Each structure stands twice: as structure tokens, then as C-alpha cells.
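Before any comments, here is the structure.
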Amino acid sequence: MRTIRNLSRANDNGSYRTELVETLAEALDQWGPLLNEGWQADDQASVFGKNRWQAMVDAGLTGLTTSEELGGLELTVSELTDVLVHLGYVCEDSGLGFSLATHLCSTCIPIQKFGSDALKDDLLPKLTVAEVVGAHAITEPDSGSDAFAMGTKAVKDGDEYILSGEKCYISNAPIADVCVVYARTHPEKGALGGFSAFVVDCDTKGFTIGKARKKMGLRTAPMADLYFDDVRVPASRLIGREGQGFSILDFVMKWEILCVFALQVGEMRRQLDRCISFAKTRQQFGAAIGSYQAISHRVSDMHIRLENARNWLSRAVTAMDGGGQASLEIASAKLAISEANVANSMDAITLHGGAGYMIETGIESHLRNAMGGLIYSGSSDIQKNRISAMLGL
């Protein structure tokens, strides 16, 4: 089976970018069986699917955002989201897609955008082939939505920084080799200028990864807390400039929302296709249940929500491609897609009746996974605050 990397570059005749997404989609269709193998058992047991992750790596997905000079595909915003929408459609293991998005957005993208040439040359080739797996550490026990109330600090000491503090709910932490850590470098300053971002090797002395967390959904995406006990980090591992943490995080979170919720749009499309098929074939009272208005209207609502989600994703992508801040579009897309995913997942369970409530069908997992979307990357309430502020309220 050929990899995504080989498939795309095989068409490099000067105009291959116009056909790239279609080629990538065909490659994902080929890799689909490997990406789904055993996912339900692992979801129930909260186990990271190493074989499925390796299939994703072998397919070339971990190099989607890295520059071509360093071995990646360097997809544009629209290309990347199109690929991830299709991945969400093909891959039933939502946790696997979430771990990929974390790897790409938390580590690959900030290093690619803000890292020094030396840092890029050192880490990006390894991240591209997942020889090194990435995570990022923002949230703390006393700072969730108020991210820059964080207490983790980094004190300069010669050619090193000394990190101390605690982070919680860190996706990919149990499988990570490096972690992008946001810490306070100038206590006297606020969000602008007061924080910095560092790449920290997870095996550094004083760096402890806690016990894996148990979650409601996205169970195959591992999560743990992190502890920093005077962890020494070379100054060369600073991303960008000292005090640039806010702008780095703002940039990263936009990409995270685009990537994670592109996956959700693909998952919603797969879910709707399954519901339509079930409504056509399930017989009750002598007719297919789709012939009853109660069911057909439910499917219609699901379709409208999916199209609304697609439209908001497209608007966000267009705004990002245009080089603007895209803050209003990103917040709106995150809110619209996450809320639609939850509503459609509830309808899917109800439509399938008792089967929808059973674990073995996998239908109930959509709702468990979708609920997290209301919280991570900025809760729905936070997005509404941002939207209303940008509307002048």
C-alpha cells in the first residue's frame, strides 16, 4: 500500500496541488480498514491504538503541516481541513484523529511557524514521521478558560530556563516525547509579554507525567497531568521570542479549532449516512421508519446542522487563507460545529432506538466524543463571549 506522501509527490508535475486533496482522499480510503481495526474494544478499555497510530504514521498523516524541505507536505489551510474532513469520515476512532490533531497543532505548527531554524531542523523531521510525538501544556488546576492565569513559571538561569509548576488534562501526554509548555517568564506583565513557549523533552529530569486520565469520550486519545520540578530547559528550546507566548498560543488555537472540528464535520457526515441507511432499511409497523414524519424530520434536522457546520468551517478556512485574524469566524465555527455535533449525536441515538443505546453498535460513542467539543479549545460560553465582544458588545 502506497503512502500519502508518495501518492501526492508522484503527481508533482507543477500543477499537482490542484489534485492533491483528491489523491489524499483516495489514499485515506485505502488505509481506512487499518485505521479502524479494533477501535471499539480499545474505546471501551480506554486504550491508545498503537497499531492504528502506526498506520496513520505510515500513511504520512503526521507530516501534513511540515514544510516540504523537512519531509512534509506543507498543506494549505483549505487542503489540510479538506483532508481532515475526509479522515473524520473514514476513521471511526475519533480519539485517533484527536491525537493526530494534537500532534500537528500543538507541536508541529508552532515550531514550523515560530521556531528557530536550528529548532526546526532538529525536531520537525522527527515529528513529521512521528519518531517524536508531540503534546502541548496550557491548562492548570486553577486556570482553564482563563489560560493566562497560569502559575507555571520559567526563570532564566544562564543558557537555561528553570520550569516549575503543574499542568492538567494534557492530551497525548502519556505517549509524548516532547511537549510545548507555556509558562510565565515575566510575572510583572500580563498576557501580552508575560508568557513564553518552550519545547521540553519529556524525559528531562524533574519532568513527571502523571497517571493516564479516564474520560467520558475520546477514550483512545490518552491524557495525563504534568509536573515540573525545577526542570532545566536549554534556551535554544524557546519557541520564538521570550514573552511571545500569547501570540503563539493564539495562532495555535486557531489551527487547533480548524483541525479538530474539520474532523468532527467528517464524523457528522458518516453519522448522517449511517442514519439515512438505517431509516431506509429498519422496518416498523410494516414500513421503513424513514417513511414516518417523526424520523424523516429528525434526519432533515441532522442534514441542516451538518450543512451549517460545513458552511462555518468553510468561512473560517476562507478567513484564515486570507491572512486575517479570522477570530470571529473561528469562534463562530467552533461554537456552531460543536453544538451541532452534540445535537446530531443525540438524534442518531434516538433514531436507532435501543441499538443506539448499546455500546457494541458504536453509535453512543458519537455523543460521548461530541460532548468534549463543548469544552476543549474554549468552551461554548467562552466562544459566545468572544463573538459578542467582536460584535461590539
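Hey, if you drop one equal point scatterer on each alpha-carbon of the stretch 330-372 and run the Debye formula without solvent, what base-10 log of I(q)/I(0) do you get at q = 0.15, 0.32 Å⁻¹? One equal scatterer on each Cα of the stretch 330-372 leads to -0.37, -1.03.
For the stretch 135-243, evaluate the Debye formula with one uniform point scatterer on each Cα (no solvent term) and list log10 I(q)/I(0) at q = 0.10 Å⁻¹, rounded to two decimals. Relative scattering, expressed as log10 I(q)/I(0), comes to -0.26.
Relative to the longest principal axis of the Cα atoms of the chain, helix 363-372 runs at roughly 30 degrees. Working from label points 7 Å from Cα in the Cα-to-Cβ sense, the ASP250 to LYS126 distance is 3.1 nm. For the chain, the longest principal axis of the C-alpha atoms and the axis of helix 293-321 are separated by about 30°. Calculated accessible area for the chain comes out at 43 Å² per residue, all protein chains present (probe 1.4 Å; ligands, DNA, RNA ignored).
Using the Stokes-Einstein relation with a Kirkwood hydrodynamic radius computed over Cα pairs, the translational diffusion coefficient of the chain at 37 °C and a viscosity of 0.692 mPa s comes to 151 µm²/s.
What fraction, in whole percent, of alpha-carbon pairs in the stretch 4-132 exceed 26 Å separation? Summing the P(r) tail past 26 Å for the stretch 4-132 gives 20 percent.
In the chain, the longest principal axis of the Cα atoms and the axis of helix 50-59 are about 90 degrees apart. Compute the whole-percent fraction of alpha carbon pairs in the stretch 251-390 spaced more than 22 Å apart. Value for the stretch 251-390: 41 percent of Cα pairs lie more than 22 Å apart.
If you roll a 1.4 angstrom probe over the protein chains with everything in place, what fraction of the accessible area of the chain belongs to carbon and sulfur, to the nearest %? Carbon and sulfur atoms account for 51 percent of the accessible area of the chain.
Peptides 379-386, 132-139, 308-315, 77-84 ranked from most to least packed by the mean count of surrounding Cβ atoms within 10 Å: 132-139, 77-84, 308-315, 379-386.
Spatial offset of the stretch 328-381 relative to the stretch 252-282 amounts to 9 Å, using the alpha carbon center of each.
The values are calculated or read from the model by the stated rules, or taken from the named source; none is laboratory data. Bear in mind the structure is a predicted one, so any value in this text is a computation, not a measurement. Neighbour counts run over all protein chains shown; Cβ positions are idealised from the backbone, glycine included. What goes into the accessible areas is simple: the full protein's heavy atoms, side chains included, and nothing from ligands, DNA or RNA. Shrake-Rupley method; radii C 1.70, N 1.55, O 1.52, S 1.80 Å.
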